[in-house]
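All remarks here apply to the structure that follows.
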Amino acid sequence: MEIVVLRLGHRPERDQRVTTHVGLVGRALGAKGMLLAANDQGIERSITKVTKQWGGNFFVKTGVNWRAELASWRQSGGKVCHLTMYGENILEVIPEIRAEMKKENAHLMVVVGAEKVPFEVFEAADWNVAVSNQPHSEVAALALLLDHLHEGRELKAVFEHAELQIVPKKRGKEVIVTKRV
């Protein structure tokens, strides 16, 4: 299963930290990359640096045309899940999404908005999913969706080519340096 996050509505002067966290959560919880519908090289550099240090093959592409990316994704047979508090409850639709993602060559685009999302995104989505029908964080919504989709397996993922690795401990901190940073 391939998962890519499409971030809409990024305002560089205001949303930099949240958009970075959307990318970091996507990376940590099993997405392959993030497409950002804004030009923000700082976010691309920041997440690429984390990926280099902590491993994996996560990509970030900024300045994308979200309409073109969405159309191309749909044309290639990909499914689209839009996270919105106006959608169907995650617990009701996650079995259907999981079943779809178990198919051969399945790929899912998760659309995460910031400001008002255009209605055409709601229309293009295979699923409009709400983790709650209350105002909440898009970062939390992405984390919950990815966790429910992977049924917790992503929480034990091993990232290849990591320069830094945390050793889980009850108390204290231990980081292994596998390469010279």
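We did not get these values from a lab; they are worked out from the coordinates using the rules stated. All values reported here derive from a predicted model rather than from experimental measurement. Note that each Cβ is placed from the backbone with ideal geometry, even for glycine, and that neighbours are counted across all protein chains shown.
Report the dimensions of the chain along its three principal axes from the alpha-carbon atoms, largest first, rounded to Å.
48, 36, 33
If you count the DSSP beta bridges with both ends in the chain, what percent of them are antiparallel, to the nearest 5? Each step should come with its number before you reach the end.
Working: 3 of 27 bridges.
Restricted to the chain, the bridges split so that about 10 percent are antiparallel.
Given the options 110, 22, 167, which has the most mean-square fluctuation in a GNM of the chain, springs set between C-alpha atoms less than 10 angstrom apart?
Top of the fluctuation ranking is 167.
Report relative contact order for the chain in percent, whole number only (criteria: Cα-Cα under 8 Å, sequence separation at least 6). Let's see the in-between values first.
On the way: 324 pairs, mean separation 51.0, N = 181.
Relative contact order, the chain: 28 percent.
Report, to the nearest 10°, how far helix 66-75 tilts away from the longest principal axis of the Cα atoms in the chain, using its own Cα long axis and a range of 0 to 90°.
Around 80 degrees separate the two axes.
Within the chain, which is the longest segment that contains none of the trypsin sites (Lys or Arg not before Pro) sitting in a DSSP loop with at most 11 other Cβ atoms within 10 Å?
Details: sites that count: 102, 103, 116, 169, 170, 171, 173, 179, 180.
Within the chain, the longest run free of exposed trypsin sites (Lys or Arg not before Pro) spans 1-101.
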